[in-house]
Amino acid sequence: LDIVNYYADAGTEGISLDSLNKKGGWSRKRRAAQRHAEETIEYLLNMYVRRNDLTRPAFLSYNEMESSFLNDFPYKDTDDQVSAWREISDDLSSGTPMDRLLCGDVGFGKTEIALRAAFRVVLGGRRVLVLAPTTILANQLYVSFYSRLNPHAVNVDIVSRFRSEKKIKAVQESILLDKNDVLVGTHSLLNNDIYLKNIGLLIVDEEHRFGVKHKEKIKCFKESVDVLSMSATPIPRSLNLTLAGIYSISLLQTPPLMRLPIITRIDYFNENLICSAISFEVERGGGVYFVHNNVRNIKSVTDRLRVLLPRFSILFIHGQEPPKEIEKKMDLFSSGNIHVLVCTSIIEAGIDVPNANCIIINNSHLLGLSQLYQIRGRVGRAHRQAYAY
């Protein structure tokens, strides 16, 4: 029984137990899946062909305003950022919709390139939609976009489950009154036509976390929408579309100045190793992620760590907690008031805490490779040596 695991929660729809005794059940399911895949492929190819024949007004550069915006970026561009922005700028300046994949390692500057594209499109009189796979990442993107764009009179807002009905209503009214320029949120934005009004650019962050239907849904609404997808670990389908010439691709392969590679080691579960890793990080003023991807016993793991490390403040966090609670705990950890954050893979999607430079991933064999890659990328985002266990 110890190697039997939950496949899905009891409330998940469309999941039924199968049996090897059912004659022809498996082959019937395979035929249905193949037919569905072929229908999807035909639909997608037809849509991409239609997109290639479309034209739209070019988003031209307003040199003076754009130069002022670019000069506000506090870091020096890497060579790859320069070439990626040149390629995206050329796409926006052309008369056909962009479909580009921006591929770069965690922390290599994808968001800055997306900000520049958003600024150009807003100056061209159209709105920008920024999609994130989770509410926490949407919140963080909102902070990045707001702090960078708001000083340049660009109106940035967010719709998420952290916001009250009253605030969401106010956002919808501002869109109807043409007072919103950039809207950040999760894929739920695609289900309401108000949010799609006058969209010129769709930015999809952590593109590998979205399903095909979500990504293509917006293109059905507005086939002439420009699309910029971003990922550190693109899914095979996206790479296939890139190699086939349907997507364009820009690569960010140069690490930012002073960035150190993360020292990664694989070990058996060892309480002494865990205690020394956490103590080392906390005593040099940093924070530690302890990833335990099981909601059912995350509290007992947290209690065990508290017994082992009574001097340190330790909290746990997972996606089934109330939104306000998640936000409060993340703020405590970001500000350094919590030393160790025991968490599920909720932190996978782009949370940026520069002061956290040690991550311990428990039962890592139960996570996928791209998941591990993304989770490990939560550390090492500052100029300090980071460690992943």
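The values are calculated or read from the model by the stated rules, or taken from the named source; none is laboratory data. All values reported here derive from a predicted model rather than from experimental measurement. Quick reminder, even Gly has a Cβ in these numbers, built from the backbone with ideal geometry, and neighbours come from all protein chains shown. The protein model used for the area step is the full one, side chains on, heavy atoms only, and it has no ligands, DNA or RNA in it. Shrake-Rupley method; radii C 1.70, N 1.55, O 1.52, S 1.80 Å.
Placing a label point 7 Å from the Cα of LYS217 along the Cα-to-Cβ line, the residues of segment 226-248 whose backbone N sits under 19 Å from it are 226-230. Taking 7 Å steps out from each Cα toward its Cβ at SER61 and ASN270 produces label points 5.4 nm apart. Sorting CYS358, CYS275 by accessible area puts them as CYS275, CYS358; the probe is 1.4 Å, largest comes first, and only protein heavy atoms count.
Between the entries (i) 153; (ii) 320; (iii) 163, the label attached to volume of the Cα convex hull per residue in Å³ calculated for this structure is (iii). Could you pull out the pairs from LYS76/LYS328; LYS166/LYS329; LYS76/LYS197; LYS197/LYS329; LYS23/LYS217; LYS217/LYS299 whose alpha carbons sit more than 30 Å apart here? Among LYS76/LYS328; LYS166/LYS329; LYS76/LYS197; LYS197/LYS329; LYS23/LYS217; LYS217/LYS299, the Cα-Cα distance tops 30 Å for LYS76/LYS328; LYS76/LYS197; LYS197/LYS329; LYS23/LYS217; LYS217/LYS299.
Taking only DSSP H segments of four or more residues, each worth -39500 (n - 2.57), what value at 222 nm results for the chain once the sum is divided by all its residues, to the nearest 500 deg cm²/dmol? Write out the running numbers ahead of the final one.
On the way: 12 runs with 156 residues, N = 389.
Theoretical 222 nm ellipticity from helices: -12500 deg cm²/dmol.
Probe radius 1.4 Å, ligands and nucleic acids ignored: give me the carbon and sulfur share of the accessible area of the chain as a rounded percent. The C+S portion of the solvent-accessible surface of the chain is 55 percent.
Gain on full extension, evaluated as 0.36 nm per residue between GLU321 and LEU369 minus their Cα-Cα distance, stands at 14.7 nm. Let's test the formula: R0 of 30 Å, r as the Cβ-Cβ distance of THR96 and GLU13. What FRET efficiency results, to the nearest 0.05? The formula returns an efficiency of 0.15 here.
Here the contact order of the chain, divided by its residue count and restricted to Cα pairs under 8 Å and six or more residues apart, works out to 17 percent. A simple spin-label model places the labels of HIS152 and ALA170 2.5 nm from each other, with each point 7 Å out along Cα-to-Cβ.
Assuming R0 = 30 Å, what is the FRET efficiency of ALA244 and TYR75, from their Cβ-Cβ distance, to the nearest 0.05? Numbers along the way, then the final one.
Numbers: r = 35 Å, r/R0 = 1.15.
FRET efficiency, ALA244 to TYR75: 0.30.
Structure remark: mean-square fluctuation, Gaussian network model of the chain, C-alpha springs under 10 Å; the largest value among ASP105, ASP72, ASP331 belongs to ASP72.
Working from label points 7 Å from Cα in the Cα-to-Cβ sense, the VAL143 to LYS197 distance is 3.0 nm.
Considering only GLY185, GLY377, GLY124, the Gaussian network model of the chain with Cα springs below 10 Å gives its largest mean-square fluctuation to GLY124. Packing around the peptides 38-44, 137-143, 314-320, 370-376, taken as the average count of other Cβ atoms within 10 Å per residue, puts them in this order, highest first: 137-143, 370-376, 314-320, 38-44.
Give me the accessible area per residue for segment 9-53, probe 1.4 Å, as a whole number in Å².
Numbers: 4190 Å² over 45 residues.
Using a 1.4 Å probe on heavy atoms only, each residue of segment 9-53 averages 93 Å².
Summing Cβ point charges (Lys, Arg +1; Asp, Glu -1) relative to the Cα centre of the chain gives a dipole of roughly 880 debye.
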